[in-house]
């Protein structure tokens, strides 16, 4: 597996990382077998795609606990990344939450510790209803000063952010913290970061870690209409805003999305690769991307995703896929928060 380096810090990552949201089981993904979790980690190490990504809020801490139990005997063979919610970034809370993640992960140092969403009221609201925190969100300067202290103490090795827009990333960088990665929603069918955020990351040497490259299963090709998707996966702006649990209230782009999906199936067939390989390989080929995160529930899924990186996609395939999906990109616009309208976007 190819390794890539985050320019500002020299932090090295495999081009394919493993999303571990399903670890520990939970309402979103359902039950998860411990043997399958062990097989995921075993296969990730064997395939050299050994970056394992989780978050404190995934399954209410159970993801971290399950991952910690699974890597206890192979900690030196993996790179662990986790995230702290923005509601927990006042300095005392941030230190306490970092210590709690360390305990759940059963490690003395977190390789990559990320602020999960920006430090604004709008971004914090999904994480807490505490009016004290909402009225006075954590201060950017104090938050990153605390992260630098945790780094100096050896509790975290690299500092990262998730879902930070141009303004928010600029404020974070202005604190003097060296930010290794900005983890962002990026897919061949979700390209909003290309307008402004991706270029800013490139200018400042911040590596982009792309999450949801398969749009939570849409780009496996098994779905042919939005009605076939589990409702929780149809909450994003690609789909109508009147679908269950959707917040964006927009009309969606369902006709355009499934037309593009059909076109991508044709491109994949001509290139003689599975659609998932096209989707993963296209994101990995984009400038500035240091790691592509793909969730896996079994070792076989890790092996299948890793196979996408055995050989690069032909240049003409990349160009054709880009041209096909550019109209959808332009129609959906610059809002990189695919769960909210532009008016309520948490990414600025």
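Go through the stretch 266-337 and tell me which helices (runs of 4 or more DSSP H), entirely inside it, have 2 or more residues that are over 30 Å from residue 179 (Cα atoms), out of contact with any strand residue (DSSP E or B) (no Cβ under 6 Å at 6 or more places or on another chain) and free of Cβ contacts under 8 Å to residues at least 24 places away in the same chain. Please lay out each step first, then the result.
Details: elements: 275-284, 299-306, 315-332.
Per the criteria, 315-332.
Out of the stretch 98-121, which residues are assigned to a helix (DSSP H, G or I) and buried (at least 19 other Cβ atoms within 10 Å of the Cβ)?
Of all residues in the stretch 98-121, those assigned to a helix (DSSP H, G or I) come to 98-105, 121.
98, 101, 102, 104, 105, listed by residue number.
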What single numbered condition from (1) buried (at least 16 other Cβ atoms within 10 Å of the Cβ); (2) in contact with a strand residue (DSSP E or B) (Cβ under 7 Å, 6 or more places away or on another chain); (3) more than 25 Å from residue 127 (Cβ to Cβ) fails to hold for residue 86? (3)
In the list 155, 167, which residue meets the criterion of being at pLDDT 95 or above and either surrounded by 21 or more Cβ atoms within 10 Å (Cβ to Cβ) or within 20 Å of the chain's Cα centre (by Cα) (or both)? 167
Within the stretch 123-136, which residues are surrounded by fewer than 20 Cβ atoms within 10 Å (Cβ to Cβ) and either over 19 Å from the mean Cα position of the chain (by Cα) or within 18 Å of residue 179 (Cβ to Cβ) (or both)? 125, 128, 129, 130, 131, 132, 134, 135, 136
Residue hits (the stretch 28-53; without any contact (Cβ under 8 Å) to a residue 40 or more places away in the chain, under 19 Å from the mean Cα position of the chain (by Cα) and assigned to a loop (DSSP other than H, G, I, E, B)) are 50
Across the stretch 14-26, what is the number of residues that are over 11 Å from residue 297 (Cα atoms) and either in contact with a strand residue (DSSP E or B) (Cβ under 7 Å, 6 or more places away or on another chain) or free of Cβ contacts under 8 Å to residues at least 24 places away in the same chain (or both)? 4
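The values are calculated or read from the model by the stated rules, or taken from the named source; none is laboratory data. Note that the structure is a prediction, hence the values are computed from the model and not measured. With ideal geometry, Cβ positions are generated from the backbone for all residues, glycine too; neighbour counts draw on all protein chains shown.
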